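Values in this text are rule-based calculations from the coordinates and carry no lab data. None of these values were measured; they are calculated from a predicted model. Reconstructed Cβ throughout: ideal geometry from the backbone, glycine too, with neighbour counts over all protein chains shown.
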Amino acid sequence: MMNWRGTDLESLDYDIFESVVNKSGMGYKYRDGLERSRLVYARWFLTLLVGLVTALVAVFLLYCTSMLQAAKHLVLTHAIEHELSKHVLLGTAFWLIVGFNLVLVLVAATITCFGEPVAAGSGISEVKTTLNGMKIPRMLRMRTFFCKVIGTICSVAGGLPVGKEGPMIHSGAIVAAGLSQGKSSTFSYDTSFTYFAGFRNDREKRDFVSCGAAAGVAAAFGAPIGGVLFVLEEGASFWNQQLTWRTLFCAMAGTFTLAFFLSGMNDNLSWGTLGSHTGTFTFGSFSSSTYQLWEVPLFILMGVGGGLQGALFNSLNTKLSLLRSRWVRTRRVAWMEALMISVLVSSLTFAFPFLLGKCHPLPSVKDDLTHLMQPGVPRNRVFNFAMETLRRNATACICESCTGFSLDGADCFHADDTAEYPYKKELVQFYCPSGQYNDLASLMLSGGEVAIKHLFHAPPNSFDVHNLVVFWVVMLLLACVTYGLKVPSGLFVPGLLIGAAYGRLWTRVINYFTDLGHAKTVDPRTYGLIGSAAMLGGITRMTISLTVIILECTGNIEYGLPLILTLFFARWVGNYFNEGIYDIHIHLRRVPFLDWNPSLRGSFLRVKHIMTPNPKTLRTVERAGVIFDLLVSTKHNAFPVIVEDPTFGNKFFAGVILRKQLNVLLSHRDFCASKPKPFSRHPHPAASVPDSSGHATNKQFRDKTRIDDSDADQQLLNVASDTANYCLSYRDMEAHYPRYPIPVAYAAGDTSVDLSETGGVYTLSEEDRALWVDLTPYINQTPYTIQEEAPFARAYRLFRSAGLRHLVVVNRHNNVRGIITRRELEEEHCTRCFKLAKNVDPEDIYPLSSAPPVGFFRQLRRTVSRTDQVKRALSHNLNPGSPETPNAFLPRSMVRPMSTLATTAVGPAQRRKLRVLCLHGMYQNGTVFANKTQHLRRSPLDDVVEFVYLDGPVTLVPKILSQQQRPARRQDANNNRCATRHRVRCDKKLDEFRAWWRPASGSQLVSETQLDDDREVLVAFLQQQLTELGQLDGVMGFSQGASLASWMCTDQGREELQWSPRLAILIGSYLGPPQYCLNSGVVDDVASLHIFGSNDHVISAAKSQTVADIFRASQHHEHQVLTSIHHQGHVVPKSDQVQALFHEFLHRQHLALPAPAPSPSPSTAPPSRRSSASVSPAATFATRSRRAALSVSA
C-alpha cells in the first residue's frame, strides 16, 4: 500500500487563472473565429485518436493474454497425459503449472515493484483521485503505461484471480493524457509546433482523461454508454455538456475499432464483420428470458446477500491493506509477497480440483432440453431454444399437442445427442476419463472469463453443489488477498466470477424446493447474471453504470428491472457497513479526496475554524531575494498578494500568484533595477500574435531577458529601461508545463554553482537578490474569496464545484485572514475542529455583535489596573439573580463554561485564591525558581494566586562542579578570572542542584532501568507532597519541570497521582522521556498557557510548540490553549507582553472558580498554610532545606 500523503502530493489547477498575461495570451483564441474553429477541430481529432489507440491497446492485451493462457492449457494437458501414461512422475503437471504462473507473476511484479509502483492495482482509484483534483506522481507517465500493459498481461495469464478491465481504464487515461499533451519525457519528444500544445493545462488534461477512462470501459466490455456513465458516476468530479458528447464519441470510436479487429481474430468471422464481438470480455450469448413476479423478491434478497458479501470483502481487504502498510514497506518485500501469493494461488487452484473435483459427462443439446421439458415452461422459451438449435444445424420442431419438446417421439424431434455445448472446448478434462470434464478444474484452471461463461450457460446440473460452495469461498478469499499486490490487477472479473457462483447456488436451492412442490424450475442464466451484478455491486457500489454495462454485454433489456433492484439493495446494504473498495483505498492512502457532500460535522463550523491562519504573503512589488527565500523555505503552491495603503499602512488583499509562476519569473530573470510602480506593466505587443504553434509569444523580450554570459548583471541593468514596461508572455509562463523550474539555494561565494537555468534548476546571485520583481501582471486579481464568518458548507461547495486549489479567506475589510486548501476540507481535519468546538457555547462559535471592540483592553489598561479592570467588568456585566446573563464585556478566550461562572456570581475578593504548584527546572530548586519568577508574582496577583514551590527529589551535580574539587591555581590573569568564576558557583551547596529525574543523555547518562526507578521514586514523592499540600488548582513548570507538569495533565498522571490540575503554565516545555510521555492523552478540561522563546538553544521552539499542539488537540475549546512566544532564550521572560498575558490568564481562571466555601479557622488550617502565613518569604526560603514545599503569596 503506497501512502500517497508521504509523497509530494499536490493539487491540480482546474480553475482558470485570469491574470493580465493569461488574458492577453489567450485572447486571440476568442477574437479570431478561424482560430477557435482550429482548436475545436484539434480537440475532437484528439478525442477520436484517444478512442482508436485505446482500442488497439485492448486488442493487444486480449491477444497476448489468450495466447499465454492457451499455451498454459496445452502444457497442462500434455503433462497430465504423460502422467497418466506414466512417462513422467506424478505431480509433474502441478510443478509445471506453478512454475509457469510463477514466471509470469515474476515479470509482472518485477516491472511494477522496481519499475513503476504506481502501475499496481486496477488504477481506478488513481484515475478517480486525478479527476477529483489531486496529482498522483507518475500516474500518467508513458513508463507507467508500459508497466501497466505488460504487467496486466502477465498477472492475468499467470493464474491470479484478477481481470484486465480495471487496468484498461487506467491505460485509456494514460493514452488520453499523453496524446492531448503532445509531449513525453520518457521518449523526449515535443510537438509544440502543432495546435495540440494549446491543451497543456490541467483543465484540458482532466477532460481528456475522462474520455480515455470511458474508452477503456468501452473497450473492455463493448459498452460505450456504460463507459460514459461509469466516468460520470465513479470517476469525474467535474462535468459539462460538451464533455458528455466527447466521452460518448471517444467510447464509440473505441468500440467500433475493437469490434473491427476482433472480427479478424475470430476464426469463424471475416474482417469487417461487426456485431458479434464488441469487447475484450463478453458474457456469452443470452437469449431472451422472462421471469415471474414471485422471483422479484428473490432478486432483492440476492442484492442484500451481495451487499453483505461486498461489505465482508471490503472489510477483509481493508484489514489486509493495513497489515501490508505495516509489514510490506520496501519494494523487495512487496516483490517477494507477490511471488508467494502466486505460489499459493497456483497450489490451491490445482489442489482443490485434484482432491474435490468430480467428473461429469460432456454436456449436449439433450441435456439442455431436459430442463425445458419441465411442465409449465413458457412456450417462448421453447421456441427460442428451438431457433438457437436450428442455427446450430440441429433438427428441432414443435408438436401441436405438446407443451414442450418430445425427446422420444420421432415425429416431433430428432437431435444428435453429441451436439456440442457452445463452450465445450473450454471445459477442462484434467484427470477425468475421455468424454468427461472436472467441474472444479473447469472453473479454477480455465481462466476467469471462461469460468464466468460456464457458470452462466452450462446446464443446471453441470457442477456439483458442494464444489460450487468450495469455489465460491476459495475465490472470495483469494481475490481479497490478491487485490492489493504490487501487480496490475482488476476487480471486475473476480467480482463477476464470485457472483456467478453465488447466483448458481441460488438456482440449485430454488430448484430443490420447486422440485419438492412439482413447480417449474428457474433459469440458471438469469440467476447467475443477477448474482454477478449483486457481488460486483456490493464491492464497488456501482449502480447505474454497472446496470448499463451488463445490459450492453448481454443485449437483453429484459434484465433491466432485476439488475436495478439488485444493485440498489446491494449498495444500500453495503454502505451500511463501509464504503466501496475504490473509496476505501483512496482513504487508506490518506488522500484529501472531496466527496460530493461536505462532512456533517462541518455544519457546526465556520470558515475561521478550519482555515490555516496567517498565510505567507507577498507585496505587489517585491525583492527577488524575498521571493526566492520564500520558495526555498516553504512548499506552498499559492501566495496571497497584498497591497499596502500608504496613508494608514493597512494591507489589503490584491490577488493570488502561484508558485510555478514565481519560479518562471525568477528563472527568466524578470527583474527591475529600480522599484517599479505596480499595475504599470503590460504584455508586449507580440504577445497577442500567435506563432506557428498557435500560441502567443514574445521572442524578442525573451531573448533580452535570457542572459547567460558573464556580463549578465550589467546587461540586465542595461535592458531594464527598455523592457520595464513589458512582461513575460503566456507562452513563457506555460512552456514548462507540467514540470517547472525548481529553486536551489547555494552557499555564498560558491563559484562552482551555475547561476543560469540548467535542467529546470535555478538559483540567484547576491546581486539578483537586491533587484525588484513586479508581480501585478501575473497575479490573479479576481480569485475566489470567502468571508471568515461564512459557513463551512458554503466554502466546501464553492471549493469543489469550482475546482479550486486555494481559497483565500478575508474579513469584511478585505484583509487576508487565512487560506483554505484540500487539507482543511477533508474529514479528518473537520473532525479535529469539531472536537475542539463541540462543547463551546453557540455564542462562541457564532460571535455576537456585542464583542469588545479592538483595542478596548489596551485603552482600559491606561487608566485602571488589571485587578480593577476585572472587578469592573464583573460588576457591570453579571447579574447575580440572572444566570443566563451573558458576559459580553469580557472576551471568552479562556473563561471556563459560562454556566459555572454565572451561577456563582461572586466577585474576585469573595473567592479563595488559586493555589499553583511550581516545578523548577534541572539544576535548580524551589528557591531559585521563586527568584526567577518574582517579576511574575507582583501586586496584581496578591488576591488571586498563591504559588507553592517544590524541590525535586533528585540531586544532580553539574559536570563542571563535579570535576573541580579544589580551587585552580592562579598563574595568570586569565586563570584568575576563570578561578573566580568557578569559585562563585562553588559557593552554592552541591545538594541544592535538584531535578525531577536524571537525564537520559549528556554527561550523566542513565539507563532505561534507572529511569524507571526514578519514576517510581518521583511518583511516590509527588503523591506524598500532594497529600500534605492540600487543595491545589494548577501547576507551573520550567524546562524539566514543565515536561513533568505536562505529564501531570495526562490521563496517566491523573490516575497515578489521583490529582488533576485545572490549569497549567508551561515555560520552555518539551516532551520528556518515554516514562513521562503524553501518549495517554491530555485531559480535556485543562486550560494551559505555553511560553517559550524563539531564540531558545536549549529547548527549541519547535519542541515546545509540539507540546502546545498536543494540548490543543485534546481540548474541547480551542481557546483553552494560549501560546506566547518571546524573543529571548531558555529563561523565564520579563517582557511586559508575557507578564500581561500571564496575569490575564490567572485572573480568568480565578473567575472560573466555584463559590467559595467557608474559610477554616487558623486552628484548623493545614500546617503548611499556617506556617506560610506566619513566615515572610525571605524566612520561608531560608528554611527551605528542611521543608519539601514553599508557599508564597504573590
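Show the residues, 5+ positions off or on another chain, whose built amide H is closer than 5 Å to the amide H of Gly655.
Amide H to amide H, under 5 Å and 5 or more residues apart or across chains, Gly655 pairs with Val641.
Whose amide H sits under 5 Å from the amide H of Tyr437, counting only residues 5 or more places off or on another chain, with H placed in the peptide plane?
His360, Leu362
Given the alpha-carbon gyration tensor of region 32-265, what are the semi-axes of its equivalent ellipsoid in whole angstrom, ordered largest first, with each equal to the square root of 5 times an eigenvalue?
Result for region 32-265: semi-axes of 39, 18, 15 Å.
Using R₀ = 35 Å, calculate the FRET efficiency as 1/(1 + (r/R₀)^6) where r is the Cβ-Cβ separation of Leu90 and Tyr512; round to 0.05. Numbers along the way, then the final one.
On the way: r = 38 Å, r/R0 = 1.08.
The computed FRET efficiency comes out at 0.40.
When you take every Cα atom in region 579-682, what is the radius of gyration, and what is Dmax, the widest Cα pair distance, in Å?
19.3, 59
Which order do the peptides 113-124, 296-307, 538-549 come out in when sorted by mean C-beta neighbours inside 10 angstrom, highest first? Write down the numbers at each step before the final one.
Values: 113-124: 23.7, 296-307: 21.2, 538-549: 25.3.
By packing density, highest mean first, the sequence is 538-549, 113-124, 296-307.
Could you give me the ³J(HN,Hα) list for region 330-341, computed from phi with Karplus coefficients 6.51, -1.76, 1.60 and θ = phi - 60°, whole Hz, x at Gly and Pro?
10, 5, 5, 5, 5, 5, 5, 4, 4, 5, 5, 5
Could you pull out the pairs from Lys608/Lys635; Lys164/Lys486; Lys23/Lys128 whose alpha carbons sit more than 25 Å apart here? Spell out each step's value before the answer.
Working: Lys608/Lys635 22 Å; Lys164/Lys486 15 Å; Lys23/Lys128 31 Å.
Result: Lys23/Lys128 exceed 25 Å.
Convert 37 °C to kelvin, take the viscosity as 0.692 mPa s, use the Kirkwood radius over C-alpha pairs of region 300-348 as Rh, and evaluate the Stokes-Einstein diffusion coefficient in µm²/s, rounded to a whole number.
Details: Rh = 12.8 Å.
The diffusion coefficient I find is 256 µm²/s.
Taking the mean number of other Cβ atoms within 10 Å as a proxy for protection, how do you rank 626-632, 316-322 from highest to lowest?
On the way: 626-632: 17.6, 316-322: 16.0.
Most protected by this proxy first, the peptides run 626-632, 316-322.
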